[in-house]
1. Multiply the residue separation of residue 85 and residue 636 by 0.36 nm, subtract the distance between their alpha-carbon atoms, and state the gained length in nm to one decimal.
2. With +1 on each Lys and Arg Cβ and -1 on each Asp and Glu Cβ, and nothing else charged, work out how big the dipole of the chain is about its Cα centre, in Debye to the nearest 20.
3. Please sort 671-684, 531-544, 480-493, 56-69 by packing, taking for each peptide the average over its residues of neighbouring beta carbons within 10 angstrom, highest first.
4. Mind ranking 735-743, 372-380, 216-224 by how tightly packed they are, going by the mean number of other C-beta atoms within 10 angstrom, highest first?
5. Express the accessible area of the chain per residue in Å², computed with a 1.4 Å probe while the remaining protein chains stay in the model.
6. With unit charges on the beta carbons (Lys and Arg positive, Asp and Glu negative) and the dipole taken about the Cα centre of the chain, which residue among 205, 226, 84 sits farthest to the positive side?
7. Could you check the simple spin-label distance between residue 773 and residue 667, using points 7 Å along Cα→Cβ, in nm with one decimal?
8. How much FRET efficiency would the formula 1/(1 + (r/R0)^6) give for residue 812 and residue 739, where r is the Cβ-Cβ distance and R0 is 22 Å, rounded to 0.05?
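The values are calculated or read from the model by the stated rules, or taken from the named source; none is laboratory data. Because the structure is predicted, anything quoted here is derived from the model rather than measured. Please note: Cβ atoms are built from the backbone with ideal geometry, for glycine as well, and neighbour counts cover all protein chains shown. Please note that ligands, DNA and RNA were not included when accessible areas were found on the heavy atoms of the full protein model with its side chains. Shrake-Rupley method; radii C 1.70, N 1.55, O 1.52, S 1.80 Å.
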Amino acid sequence: MRHAVRNTGAVVGLAFALAALAISPALAVSLQRFHAARDGQDIEISAPRADILRVRIGRSGLPEDASWAVVDAARTATTPIDVADDGVASVLTTPALQARLNKSTWRLTVVDPAGHTILADTDSGALDFHNGGFRLRKAMPVDAHYFGLGDKTGGLDRRGQAFTLWNTDAFGYGESGDPLYKSIPFVLGADELGHAFGLLLDNTWRGFFDFGKSERDTLSFGAEGGPIDYYVLAGPDAKAVVKQYAWLTGAAPLAPMWALGFQQSRYSYKNEAELRDIADRLRADRIPADVLYMDIDYQDRNRPFTVNPKAYPDLAKLFADLRGMNLRVVMITDLHVADAPNAGYSPYDTGKAGNVFLKNPDCSDYVGLVWPGNAVFPDFSRSSVRDWWGGLYAGFHAAGAAGFWNDMNEPAIFQRRDRTMPLETVHHIEEPGFAARTASHSEMHNVYGMLNSRGTYEGLLKIAPDERPFVLTRASFAGGQRYAATWSGDNSSTWNHLKLSIPQLINLGLSGFGYAGDDIGGYGGSAPSPELLTRWIEIGAFNPIFRDHVATDKPRQEVWVHGLEQEAIRRRYIEERYRLMPYLYSLAEENSRNGMPLMRPVFLEFPDVLAKGWDFGGTMDQFMLGADLLVAPPSAMESPAAYGVRLPGAGWYDYWSGLRLAGAATEEIPALDRMPVFVRPGAIIPRQPLVQSTGETPKGALELAVYPGDSCRGELYLDDGVSFAFQRGAFLRQKVTCASGQGGVTMTFGGREGDFKPWWNGFTIVLHGWTASNATAFLNGLAVNVVRDPRMQTLTIELPDISSLSVLQIGA
Ligand code: MIG
């Protein structure tokens, strides 16, 4: 296998080098890693795979080859690169890219096989060192736009802005607040021709990305310490970059299906009676929901892993009763362990006995003030400490808690100006792949929250190996999607924050975090108006994670708080999310394979919107859920003024009416009960009968809504939603396609993969856009009944379940 790859690489690479540079093949050698030295500095360039370049530079020897972000298999992979010398530069070629490294300046330029520049150093000053840190400079073409960096504020495109990477408890952050809770040093760049590249700086220290803000047309980035170790992902388009990034840092594991349901939270439901009331009300009001949250007030004196027995006397009974109502509970478990010796508090006692806590430089335990008062902090950079931490979950898991919430893990410390622990605090790295050594908090800060959630995730897997863990984390780093879902922290109940949430969640999705949400209704600030909460729920219904959450000092924010009329609108949107669960779940499954986010910018599906100067697809408030649904909130969210929606191409359908639009643009007059959603021509969207929870089995048929375009396609994916049995074959995957022509539509059902037995007893085909005055249908040549609705332009056809190759012929 190696050999085949190598041969292809050499042949294609050399052809490419010859064409581009007229270099004689005799001069080229094939290397796994290219190395050069200059003025005591070292550079190593390798290609973990043909379309990804890794660059490491050290001032005195190469930096340690280790990573928290990049998975080992990707980091240690190499594909052969052909190395030649054209006199001025070393020319490194793979089948997918070519890098030229100027031999005297080390200026690096990466181009694609057509000679188009992927990423190039600036002409001068491409790298400088200062104190312990460094800054790298890349040229910013005028038509390039930049995305990524997680949920940074400031709109979808990063161009013209600068950001700091330093995980921060940013309570009350504003619309340009920075830094926030997460540091994800990954950027996706795309130009107006749809070329895209990725850039990952694998460095955990306090860092920055500056997109031409301080130096014109220069993308500069760097850190205050640590390695120069970065990856250039060659695309060629944005989807390819997303997949390359998932290959490097891992895709999020498939979440339990219930995590895609509606989640109701509050800081805090203070006791069992309150939580039961919420459960009862959800069910009485028929608001579909899957998850309730327990925030910090359930604990005894805010000590993690304790329960105040007066407030919550019997967790196991409570959780069992709620499960009987198809509701699951996620418990908060903060990482700050109360500094409570001799108090019978076992997280402290066992942690102290195992010497797991972070140290001051004098070797005493570092103590910081947080919710429990004085607290000590686990050293998650030791794998044995993560094991210990993970073990703490056994009790709550046994009681029946379904998932866990890791908050405050920037880490947040009260009463310090910098809101976190001193930079001298000592961590010990004891981790396969790393040299065992001490590391300062300066180095470990940005990765601390991710390692906290990793300990939680891996601990839960050990406790229950066949149960998909659900962990929600506030702080994280590149690669953190392997362990936890996330949310955008303490937003505020304002229209501007609702608007901001869209680019935040899109950029999180492009940065690996496919499972992301925001506090629906807003966390801080004054209470949301009825209209604001309603709109927030309408948009949240199409977000990956859908959780209503609010601060402790604020009024109730559940779906029903503003009266029946508002509740009725909100219920319809939550119901729609549950009807769309088969679609949503298949997006989650795709995400687990290739990192494609559930919520997407329009340009990810339609790169030419970049060329059209469309503010990334109509408006930056528009987003896609998967490849087929486009959600188009008003760009001035609270304004009653009409607004235009531009669609990427003609022939789209209105999701709610199912009717086909005449052109590629439409005007919307805002109405509180309407969130415009459009369906891509060519989509086949699976929808299920309404349920009140993913724990309830839908009854009847699966609907396949067909929206013909030139062709159409959809995919069904299903499994038990909670276990890993899908990895052992217990899944269902089926492709359905259609072709339009000669006044009819031919649908083809592929054979099924996997042996999971679905809940449905048949398919209801709803074909949209049917304008002919009659219709016939034949399944594998046999006539089947068709119901035509001329007003809605639909045909409805009830079919038995189809599990093997079949053809449905629909004609006039
Ligand atoms: O200092 O656990 O962002 O969602 O409700 C506040 C209480 C601590 C911050 C989280 C918020 C949560 C709150 N927490």
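1. Values: separation 551, 0.36 × 551 = 198.36 nm, distance 5.59 nm.
Length gained between residue 85 and residue 636: 192.8 nm.
2. Working: 76 positive and 92 negative charges, 181 e Å.
Value, rounded to 20: 860 debye.
3. Details: 671-684: 19.7, 531-544: 23.9, 480-493: 26.3, 56-69: 17.7.
So the peptides 671-684, 531-544, 480-493, 56-69, ranked by packing, come out 480-493, 531-544, 671-684, 56-69.
4. Values: 735-743: 15.0, 372-380: 23.3, 216-224: 19.4.
In descending order of packing, they fall as 372-380, 216-224, 735-743.
5. Values: 27610 Å² over 812 residues.
For the chain, the per-residue accessible area is 34 Å².
6. 84
7. Modelled inter-label distance: 3.3 nm.
8. Numbers: r = 16 Å, r/R0 = 0.71.
After rounding, the FRET efficiency stands at 0.90.
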